[in-house]
Each structure stands twice: as structure tokens, then as C-alpha cells.
Amino acid sequence: MLNLKRVRYLKDGITKSGPVIYWMQRDQRVNDNWALIYAYSKALENDVPLIVTFNLVPSFLGATIRQYSFMIEGLKKVIILLTELNTH
């Protein structure tokens, strides 16, 4: 269920045809991810696909291989959960 108190519009946009793209960044999870829930609701509203993307950069705030490994393992779980949701 979408909580509209968590939505803040920064700029009016133009709705065009095509998918809704959710750029996963800080909240690298499926559950309790309000931005992802909002993106999903917009995709349903416009009857278009939802695409979740993540940009893995080679250098991020001095992260070590251990931190990258932890992040990648978490992202693998995100892929599994999103795939499961897509099949329902």
C-alpha cells in the first residue's frame, strides 16, 4: 500500500509511453522500499512495465572489495525477489 505522505515531487514531468524505470541506489532492497513501491504503482497506473536498474561503479566512497562483495550478494537477493514477483 502506497503512503502518499512519503511522496515528494521535485519537478513536474511529462508522461510518455514506455516503461517506468526505477534507479535503485541507496535502498538496495525490495521489501519496505517506498520509492520502488511508488514506481510500481506508476507502472500499474500507466499499464507499462517496470524496469529496476542499478549502476555498479568501480569506485564508490573508498569501498573495499569486502564491501563490494556484501553489496553484490545483496543485489543477487534483490534479483531473486524481483524475479519471483514478476512471475505472479
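Against the condition basic (Lys, Arg), at pLDDT below 90 and open to solvent by 70 Å² or more (accessible area, probe 1.4 Å), how does ARG66 come out, does it pass?
no
In the stretch 32-84, which residue that is of a type in the set (Gly, Ala, Ser) and closer than 19 Å to SER17 by Cβ is nearest to the chain's Cα centre (by Cα)? If we take residues in the stretch 32-84 being of a type in the set (Gly, Ala, Ser) and closer than 19 Å to SER17 by Cβ, then ALA39 is nearest to the chain's Cα centre (by Cα). Number of residues in the stretch 15-63 that are of a type in the set (D, E, K, R), at pLDDT 90 or above and loosely packed, with under 13 Cβ neighbours inside 10 Å: the value is 2.
The values are calculated or read from the model by the stated rules, or taken from the named source; none is laboratory data. No experiment lies behind these values; they were computed from the predicted model shown. Counting neighbours? That spans all protein chains shown, and the Cβs are built from the backbone with ideal geometry, glycine included. Calculation scope for accessible area: heavy atoms of the full protein, side chains included, ligands and nucleic acids excluded. Shrake-Rupley method; radii C 1.70, N 1.55, O 1.52, S 1.80 Å.
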